[in-house]
Amino acid sequence: MSDSNPYGELMLLSGTGNRELSERIAHEIDLPLAPMDITRFADGEFDVKIHESVRGHDVFLIQPTCPPVSDNLIQLFVTLDALRRASAARITAVIPYYGYERKEKKSAPRDPISAKLMANIIELAGASRVIAVDLHAEAIQGFFDIPVDALTATKILARRVRERHGNSVVVVSPDTGGALRARTLGRILDAPIAIIDKRRPRDDAVEVVHVVGDVAGMHAVIVDDLISTGGTLVSASEALMSKGAIGVDVIVTHGLLTPGALGRLHEAPIEEICITDTIPLNEEARARDNHPKLRVLSVAPLIAEAIVRVHEGRSVSELFR
Ligand code: R5P
């Protein structure tokens with residue numbers, strides 16, 4: 001890396017949110033993660049010690065805010081604060097999964113807009129920029145007053161669909177909020193799209209009201225940003241099969257996979273569930289033998305390329321042309 005860079009030398013740091021992904025990114029860039037310890041005081045509070053000078057460096061801190069969400073968020077905040085106080089020239093928060101993103105608007109009176117609150121704190125703590133992957137809603141970019149590079153894993157996941165089915169599929173969004181995502185994948189694959197009208201009678205229950213579009217006689221590929229309980233995908237796959245689809249695959253960026261989700265998905269009429277490594281697999285998912293449907297693709301090359309481009313002041317959007 002050139003010393004003439006206005007933000008100094010590139011430096012990578014990682015919280016404990018997804019250490020394996022951080023190491024894969026570091027390997028792609030061919031630059032080791034800078035030494036740092038995150039410890040806890042006796043009462044559970046976090047402390048951070050960065051063991052190398054960051055003064056005048058272009059620092060990228062990799063930390064998804066996945067479960068344990070509160071711990072990972074606090075780690076992100078205190079490490080950003082440490083970097084800012086240690087005079088890093090520029091600090092990019094690389095947040096492969098942005099926690100609290102589903103609360104991006106008020107759905108009922110007296111609701112918080114937690115995704116905006118997180119953005120406020122990330123900026124206040126010291127981030128100069130953010131790199132994120134497949135934000136739940138594009139509007140979240142505007143919650144920040146600093147630059148946000150919103151990456152997408154759609155192309156990586158689309159490659160897998162092509163490998164399995166060519167372009168003879170119908171791309172399905174499991175709710176109206178994901179229509180744009182389905183349209184993008186449909187365009188990449190040159191495939192038609194369908195949209196499911198989903199309702200949530202309760203936070204933990206999902207009900208399919210309509211399938212808009214033709215799926216009969218076709219292989220359906222459901223595209224979504226995240227799997228939490230799996231309820232959305234179970235209902236969507238059942239609805240698609242009842243409308244005459246000949247099979248269902250699922251591609252999803254963030255595999256939150258809360259306890260019980262994989263069991264539920266295993267029972268559903270789904271042939272393959274393809275996720276990425278933005279979030280580390282939980283123990284249930286690591287016992288992969290029990291989940292032959294699950295396939296994990298890495299976003300490390302994508303994030304590594306974005307980091308290098310940001311550092312070198314080159315276009316990131318070119319990555320998605
Ligand atoms: C909803 O808007 C999201 O895009 C996901 O469809 C949803 O959060 C998935 O949650 P679950 O797996 O619990 O149904």
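The values are calculated or read from the model by the stated rules, or taken from the named source; none is laboratory data. Keep in mind it's a predicted model, so treat the numbers as computed, not measured. Cβ atoms come from the backbone with ideal geometry, glycine included; neighbour counts cover every protein chain shown.
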Practice problem: Provide a single number: the residues in region 19-58 that are closer than 17 Å to ALA93 by Cα and among the aromatic types (Phe, Trp, Tyr). | Solution: 0
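Can you find even one residue in region 97-107 that is over 21 Å from SER298 (Cα atoms) and not in a loop (DSSP other than H, G, I, E, B)? So that I can check it myself, show each step before the final result.
Step one: of region 97-107, the residues over 21 Å from SER298 (Cα atoms) are 100-107.
Now drop any that are not not in a loop (DSSP other than H, G, I, E, B), which leaves none.
Within region 97-107, not a single residue is over 21 Å from SER298 (Cα atoms) and not in a loop (DSSP other than H, G, I, E, B).
Restricting the search to region 180-195, which residues are assigned to a strand (DSSP E or B) and either over 22 Å from LYS155 (Cα atoms) or of a type outside the set (Val, Ile, Thr) (or both)? Spell out the reasoning first.
Of the residues in region 180-195, the ones assigned to a strand (DSSP E or B) are 193-195.
Within region 180-195, ALA194 is the sole residue that qualifies.
Is it the case that some residue within region 271-282 is at pLDDT below 95 and not hydroxyl-bearing (Ser, Thr, Tyr)? Show your work before the answer.
Start the filter on region 271-282 by keeping residues that are at pLDDT below 95, which leaves 281-282.
Those still in the list that are not hydroxyl-bearing (Ser, Thr, Tyr) too: 281-282.
For region 271-282, residues at pLDDT below 95 and not hydroxyl-bearing (Ser, Thr, Tyr): present.
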Quiz prompt | Test for VAL223: is it modelled with pLDDT under 95, closer than 28 Å to ALA108 by Cβ, surrounded by 14 or more Cβ atoms within 10 Å (Cβ to Cβ) and within 16 Å of the ligand (Cβ to nearest atom) | solution = no
Quiz prompt | Some residue of region 20-40 being more than 20 Å from ALA304 (Cβ to Cβ) and touching a Leu at 6+ places or on another chain (Cβ under 7 Å) | solution = no
Quiz item: Taking the stated definitions as given, is PRO292 over 21 Å from ARG102 (Cβ atoms) and either within 15 Å of the chain's Cα centre (by Cα) or in a loop (DSSP other than H, G, I, E, B) (or both)?
Solution: yes
Practice problem: Filter region 167-202 down to residues that are of a type outside the set (A, V, I, L, M), away from the ligand (no atom under 16 Å from the Cβ) and within 19 Å of ALA216 (Cβ to Cβ), then give me how many there are. | Solution: 4
Self-check item: VAL234 within 12 Å of the ligand (Cβ to nearest atom), in contact with a Leu (Cβ under 6 Å, 6 or more places away or on another chain) and of a type outside the set (Phe, Trp, Tyr)
Solution: no
Quiz item: With respect to the numbered conditions (1) without any contact (Cβ under 8 Å) to a residue 60 or more places away in the chain; (2) at negative phi; (3) charged (D, E, K, R), which one is the sole condition not fulfilled by ARG164?
Solution: (1)
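When the residues of region 138-152 are narrowed to those that are out of contact with any helix residue (DSSP H, G or I) (no Cβ under 7 Å at 6 or more places or on another chain) and surrounded by 13 or more Cβ atoms within 10 Å (Cβ to Cβ), which ends up farthest from ARG295 (Cα to Cα)? Step through it out loud before you land on a result.
Restricting attention to region 138-152, the residues satisfying the condition of being out of contact with any helix residue (DSSP H, G or I) (no Cβ under 7 Å at 6 or more places or on another chain) are 138-139, 141-142, 147.
Then drop every residue that is not surrounded by 13 or more Cβ atoms within 10 Å (Cβ to Cβ), which leaves 141, 147.
Numbers: GLN141: 29, PRO147: 32 Å.
Only one residue fits best here, namely PRO147.
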Quiz item: Condition test on LEU135, is it assigned to a loop (DSSP other than H, G, I, E, B) and either surrounded by 22 or more Cβ atoms within 10 Å (Cβ to Cβ) or within 16 Å of the ligand (Cβ to nearest atom) (or both)?
Solution: yes
